[in-house]
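Here's the structure we're looking at; comments come further down.
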Amino acid sequence: MNSPKTANYLLLAGFLLCMLQVWLPGYYLTGDGPCHLYNAQILHDLWSGKNIAFYERFFEVVGKPNPNWMTHILLGALLFVFKGVIAEKILLSGYVLLFVSGFTGILKRLDSDSLLWPLVVFVFVFHYVLAKGFYNFSFSMALLFWMINTWLLVLERINAVRVAGFFILVCLTFFAHPVAFAFGGFCCLVLSVSSYVTGYINLKERKEANKAQSKTRLIVIFENLLLLGLCLLPCGLMLIMFAAGEAHEGGISLHMSRNKILEFADFNCLVNVSSSEVILVRVVWFLLAGLLLFALFQRFRKGFQWQRFDGLFGGMLFALFLYFFFPDKLFGGSLFAIRAQYLWGLFMVCCIGYMVPAGKLKNGAGILFFIAFTGLSIPRIIVMASASDGVKDIVSAGQFIKPFSIVLPLDFSPGGLDKTGAVIADRNWMFCHAWQYMGVDKPLIILDNYEANTGYFPLVWKDSTNPYHHLCTNGAMEGQPPYATINYYKSETGVTIDYIMLWCYQDKWLWDEHFRKLYKEIMAGYRLLYKSESGRVELYEKRSSPVSILAVLPGGQTNRD
């Protein structure tokens, strides 16, 4: 079974199963994915000179280059050729191809004899952070291994093509996500040291140097580190400026929490959307942990000796340090711990790859991981199909919304409910921005565009109309239950909210005092325009003249015209 042909067939089968998960549902719903696509559509319209006056009242384009831009630019470019949802799926397909090829490429470099071990990559393709819709971070993880692999080539032999390729990958990784850029730079540094110590650095130049006795080993490593520093310097300076703008007072506080220790063994970074994945993810975790312990035993049983790829071991230890000691919110971003856990898992696989000798153990493990990936794909496909059906319900309301309108969505079930009332995704908030797909088909201002309130994406809200300043504070419109002050927003900004959409609303939320005030505003100023067949979506349109709040009846019912 351990033949090149079998390995290639299984790699192809794994890639096709990944493609099936992306393309089978009508919508591949992720938490922030619709928001990425909506903002990319606005950028595309601005680039095309369309609807400029409409959007300029609300948004402005950021004037400085920041990380987290890559997927917005790629999506905006794809929209010149493809429609919204197709463009998003092409982007995700590109991520899968980039990740699988990059990760398998480095695993084959670490051990070219274990043909089936690279099958482990598939369990890492779909992860929790991707399911949250963090496309930029996901792309950065794919680019990270291309970046490291290219630097290994540079260490073997410096030439203009390899150095230029490395520099381009450094820039792409930076504009995808700053964590991958900084982490990749650290790993390349440590790999330079481990390659130098073991004699795998500038092989051709070192042979010539030994003959001419004109270079010392110290000069060789100095030249390579200088080259690495020069390649990292431009983006490093931009990262420093970005971090200075995003840093909070007091800087980074390093500490270890008990929760991180308890959560470490759950390996939740691979649980995408539902609890049905948990058992198989834990099987994957125990297999990886067992292989790592065996790898460390093999590595250190005869004492410590440097190996060429020990820079990857340094990367794994660094990821552990980041996971346990760094805060979960960093420079305006969130979920830092689970990202570090994912990084640790990736580099754990790399360490197993070069520390464990080729043989039946690694090939058998590769098959087991492939089986686990296949098993995980089944509940994920089921959940994504149900989620796609929910998005179709939401988008069905879009046909009743006029172009150039202002829409306020109110979400009462971020995990989504299916037609029977069961929770669709109990481990991820897939539906927190699903309605932003409506803004791809026609020019709309959808007010829960949180990305425009962060400052590190290409579009930002203008302060004069920013709903996070004037409609609600502390993200209250995305709370449970949501809250906003509609009339106050109009008086402060002069902006009339034309439509209000309710997703999975239930009368039980009227027990909340704050939401009850919002509900009265809705009932007094808006009329029910559309209700989906499943009842999950209600669309309200601004009344030509408001009714008395006294018309709102107990139990959340109202006289609707």
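The values are calculated or read from the model by the stated rules, or taken from the named source; none is laboratory data. Because the structure is a prediction, the values reported are computed rather than measured. Here the Cβ is made from the backbone with ideal geometry for all residues, glycine too, and neighbour counts use every protein chain on show.
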Please state which one of 34, 67 is out of contact with any Ser or Thr (no Cβ under 8 Å at 6 or more places or on another chain), surrounded by 22 or more Cβ atoms within 10 Å (Cβ to Cβ) and assigned to a helix (DSSP H, G or I).
34
Take the range 382-410 and flag every residue that is touching a helix residue (DSSP H, G or I) at 6+ places or on another chain (Cβ under 6 Å) and assigned to a helix (DSSP H, G or I).
391, 394, 395, 398
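Could you pull out the residue among 21, 41 that is closer than 27 Å to residue 489 by Cα and among the polar types (S, T, N, Q)?
41
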Going through the range 487-536 one residue at a time, which ones are aliphatic (A, V, I, L, M), assigned to a strand (DSSP E or B) and within 20 Å of residue 433 (Cα to Cα)?
500, 501, 502
Going through (1) under 20 Å from residue 545 (Cα atoms); (2) surrounded by fewer than 16 Cβ atoms within 10 Å (Cβ to Cβ); (3) under 32 Å from the mean Cα position of the chain (by Cα) one by one, residue 517 fails only at (3)
Go through 345, 359, 303 for me and flag whichever is small (Gly, Ala, Ser) and either closer than 17 Å to residue 268 by Cα or at pLDDT 95 or above (or both).
345
Please go through the range 335-381 and pick out each residue that is surrounded by fewer than 18 Cβ atoms within 10 Å (Cβ to Cβ) and outside any helix (DSSP H, G or I).
357, 358, 359
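Looking at the range 414-469, which of its residues are in a helix (DSSP H, G or I), farther than 24 Å from residue 532 by Cα and in contact with a helix residue (DSSP H, G or I) (Cβ under 6 Å, 6 or more places away or on another chain)?
Answer for the range 414-469, where residues must be in a helix (DSSP H, G or I), farther than 24 Å from residue 532 by Cα and in contact with a helix residue (DSSP H, G or I) (Cβ under 6 Å, 6 or more places away or on another chain): 451, 453, 468.
Give me the residue from the range 181-236 that is polar (S, T, N, Q), part of a loop (DSSP other than H, G, I, E, B) and exposed (fewer than 15 other Cβ atoms within 10 Å of the Cβ) and, out of that set, modelled with the highest pLDDT.
Among them, the one singled out is 216.
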Exactly one of these conditions fails for residue 328: (1) assigned to a loop (DSSP other than H, G, I, E, B); (2) more than 17 Å from the chain's Cα centre (by Cα). Give me its number.
(2)
